[in-house]
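What follows is calculated from the coordinates using simple rules that are stated; it is not laboratory data. Because the structure is a prediction, the values reported are computed rather than measured. Cβ coordinates were reconstructed from backbone atoms using ideal geometry, including for glycine residues, and neighbour counts include every protein chain displayed.
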Amino acid sequence: MTQETSLFCQVNSPKDSKNLTDLEKKHTPVITVPEKLKAGETFEVTVEVGKLLAHPNEPSHFIEWIDLYANWVFLARISLSAVTTQPTLKVPVTIPHGMKNLTLHAFERCNMHGVWEGAREIAIG
């Protein structure tokens, strides 16, 4: 007997990043940053939910918020409403001097499918 885990009992992420299910494509935050980054430089981070497969945006099913973290340090949050907003966060970020590696973590909450995480590792040149 297998036990089914509720999407609301955990932070969800893709089980296999090379073979995403439709549920994972709709909910996993996609983080976009420039190819080359330098410490002390400001760059724009874009987080999109539904980039791989459109997520519904209706009163009964929508993305409520998106959070962005750098190495587990909180950077930004956007709260969203159904229908009139799109699940995209754009924010300028500055990498502190002396940092060699950076992992950006994005979390989003779907009112029907819980919290989902996407991450992106970045080498600082």
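Key figures for this structure:
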item: Trypsin sites (Lys or Arg not before Pro) lying in DSSP loop within segment 9-63, provided at most 14 other Cβ fall within 10 Å; result: Lys15, Lys18, Lys36, Lys38
item: Length gained when the stretch Ser79-Lys100 is fully extended (0.36 nm per residue, less Cα-Cα span); result: 4.5 nm
item: Value of relative contact order over segment 1-90, rounded to a whole percent, pairs C-alpha under 8 Å and six or more apart; result: 22 percent
item: Cβ-defined net charge surrounding Met99, 14 Å radius [Lys, Arg +1; Asp, Glu -1]; result: 0
item: Helix-only [θ]222 nm of the chain, DSSP H runs n ≥ 4, -39500 (n - 2.57) each, per residue, nearest 500; result: -1000 deg cm²/dmol
item: Charge tally in the Cβ shell below 9 Å around Gly125, where Lys, Arg are +1 and Asp, Glu are -1, Gly125 excluded; result: +2
item: Separation of the Trp65 and Ser13 label points, Cα + 7 Å toward Cβ, nm; result: 2.1 nm
item: Estimated FRET transfer efficiency (Gln86, Arg120; beta-carbon r; R0 22 Å; 0.05); result: 0.65
item: Square roots of five times the Cα gyration tensor eigenvalues for segment 30-100, Å; result: 28, 12, 9
item: Cα pair distances exceeding 21 angstrom across the chain, given as percent; result: 41 percent
item: Counted charge near Glu64, where neighbours are those whose Cβ lies closer than 12 Å (Asp, Glu -1; Lys, Arg +1); result: 0
item: Loop chymotrypsin sites (Phe, Trp or Tyr not before Pro), segment 1-89 (other Cβ atoms within 10 Å of the site Cβ: 10 or fewer; DSSP); result: Trp72
item: Longest site-free stretch - the chain; sites: GluC sites (Glu not before Pro), DSSP loop, at most 10 other Cβ within 10 Å; result: 36-125
item: Cross-link reach list, lysines versus Lys38, counting only Cα pairs under 20 Å and skipping chain neighbours closer than eight places; result: Lys90, Lys100
item: Computed P(r) (all Cα pairs; segment 1-50; 10 Å bins; percent); result: 19, 36, 26, 14, 4, 0
item: Burial ordering of Thr88, Thr21, Thr28, fewest other beta-carbon atoms within 10 Å first; result: Thr21, Thr88, Thr28
item: Proximal lysines relative to Lys18, as straight alpha-carbon distance under 25 Å, when same-chain residues fewer than 8 apart are discounted; result: Lys26, Lys36, Lys51
